[in-house]
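Structure, as structure tokens:
The values are calculated or read from the model by the stated rules, or taken from the named source; none is laboratory data. Because the structure is a prediction, the values reported are computed rather than measured. Cβ: placed from backbone, ideal geometry, glycine included. Neighbour counts: every protein chain shown.
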Amino acid sequence: MKQYINCSLKPYHTFGMEVTAYRLVEYETIEELRDLLHRVRTEWSGKPWLHIGGGSNLLFIGNFFPGVVLHSSLLGLEVVQENDQEVLLRVGSGMVWDDLVAYCVDQGWGGMENLSAIPGEVGASAVQNIGAYGREVKDLIVSVETLAVDTGERCRFSCEDCNYGYRSSIFKKQLRGQHIVTHVTYRLQKNPTFYLDYGNIRTELADRPVTLKSVRDAVMSIRQAKLPDPAELGNAGSFFVNPVVDKCVFERICAEYPNMPYYEVDESHVKIPAGWLIEQSGWKGRSLGRAAVHDKQALVLINTGNATGGEVMTLARTIQREIRERFGIDIQPEVNVIQCYTTDFDVNINVNFGE
């Protein structure tokens with residue numbers, strides 16, 4: 001277990017704001033996590049605490065978090081079942097997601113290749129139900145193991161138990177804040193089915209043979225061409241969730257915009273790309289203060305340099321309001337907004353942790 005006091009969180013979130021946490025703890029075992037959760041319930045009771053993954057879905061409002069931030073360093077890969085057709089792979093929550101994708105592609109195990117280059121860690125994949133290019137991680141998950149925050153009890157959820165939906169799960173809704181993911185088991189295919197009809201994958205592949213590696217390379221190339229590198233421009237990837245609307249709403253908008261892109265969800269609902277709504281509202285490439293909408297992908301809000309979380313949120317709310325006024329649709333942030341203190345003095349202050 002590694003502990004840091006007055007620790008900069010800039011390396012721990014992709015928006016790149018200067019934020020300091022009073023305490024950051026990185027745990028390496030389930031027993032260490034259980035002990036930390038016990039301390040959260042007892043000696044740190046009443047103090048704010050936060051569990052983070054790769055920080056690719058966080059926006060801090062303010063610059064000082066006066067509590068404890070927990071981060072998983074649970075690693076490891078274990079084949080728990082294997083036959084001629086498939087492999088069940090159990091993975092620690094702290095593993096970088098794209099490292100896992102690269103490993104599976106190298107092993108010849110299919111299923112994750114369309115989810116290449118998504119930032120974050122394994123634990124967050126199961127909470128967020130990450131997805132891209134026609135695939136969602138729920139299509140691969142067999143089970144999710146957690147530690148209950150209130151009791152420290154080890155729990156196991158089947159994929160069905162997780163109530164997965166579009167960018168949602170039981171861990172984001174009914175059990176929000178009640179469990180911490182420790183391991184995820186995925187089902188991978190030795191004779192993979194390829195999903196090439198979403199986005200520009202076929203175009204990017206051109207005449208190349210369709211293999212796990214070529215599909216991964218194509219997805220990475222597409223993403224790199226339109227998504228900014230967080231090391232250069234701070235961002236959290238897709239800032240908003242694509243709205244799912246009733247057919248009557250879709251038909252009303254489609255009458256005015258017949259070329260509007262969309263994806264049918266079921267007989268009564270349609271998904272409209274939030275990026276298209278933002279672009280039609282004139283925000284693509286525009287800035288508000290030091291926050292801006294990326295000029296290649298309108299779904300991405302960026303930190304152009306020393307932006308505050310408040311500036312990003314002001315931009316997001318302005319976009320939401322204009323889309324609501326123009327289209328009658330509410331778009332919701334995909335990022336998790338963390339409210340902190342705002343200080344203009346040395347953050348080396350006593351927050352009374354009892355030490």
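Which residue, of 250, 171, 240, is of a type in the set (Phe, Trp, Tyr) and assigned by TED's automatic domain parsing to the domain that holds residue 146?
Values: 250 fails: assigned by TED's automatic domain parsing to the domain that holds residue 146; 240 fails: assigned by TED's automatic domain parsing to the domain that holds residue 146.
Selected residue: 171, the only one of 250, 171, 240 that is of a type in the set (Phe, Trp, Tyr) and assigned by TED's automatic domain parsing to the domain that holds residue 146.
Could you look through the range 171-188, keep only residues that are in a loop (DSSP other than H, G, I, E, B), modelled with pLDDT of 95 or more and buried (at least 16 other Cβ atoms within 10 Å of the Cβ), and pick out the one that is nearest to the chain's Cα centre (by Cα)?
Result: 171.
Can you pull out the residues in the range 21-57 that are surrounded by fewer than 21 Cβ atoms within 10 Å (Cβ to Cβ) and hydroxyl-bearing (Ser, Thr, Tyr)?
Within the range 21-57, 29, 42, 45 meet the criteria.
How many residues are small (Gly, Ala, Ser) and within 17 Å of residue 128 (Cα to Cα) when one looks only at the range 82-112?
The number of residues fulfilling the criteria is 3.
Which residues, taken from the range 76-127, are closer than 18 Å to residue 196 by Cα and either outside the structural domain of residue 212 (by TED's automatic domain parsing) or part of a loop (DSSP other than H, G, I, E, B) (or both)?
Within the range 76-127, 108, 109, 111, 112, 116, 117, 118 meet the criteria.
Listed here are the residues, each with its yes/no results for (1) buried (at least 16 other Cβ atoms within 10 Å of the Cβ); (2) among the basic types (Lys, Arg).
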site: 190; (1), (2): no, yes
site: 196; (1), (2): yes, no
site: 202; (1), (2): no, yes
site: 216; (1), (2): yes, yes
site: 224; (1), (2): no, no
site: 237; (1), (2): yes, no
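Does residue 131 qualify as being under 30 Å from residue 226 (Cβ atoms), free of Cβ contacts under 8 Å to residues at least 40 places away in the same chain and among the small types (Gly, Ala, Ser)? Step through it out loud before you land on a result.
Values: under 30 Å from residue 226 (Cβ atoms): yes; free of Cβ contacts under 8 Å to residues at least 40 places away in the same chain: yes; among the small types (Gly, Ala, Ser): yes.
Yes, satisfied.
Of everything in the range 248-291, what is of a type in the set (Lys, Arg) and in contact with a strand residue (DSSP E or B) (Cβ under 6 Å, 6 or more places away or on another chain)? Give them in sequence order. Steps first, answer last, please.
Initially, the range 248-291 is screened for residues of a type in the set (Lys, Arg), giving 252, 271, 284, 286, 290.
Across the range 248-291, the qualifying residues are 271, 284, 286.
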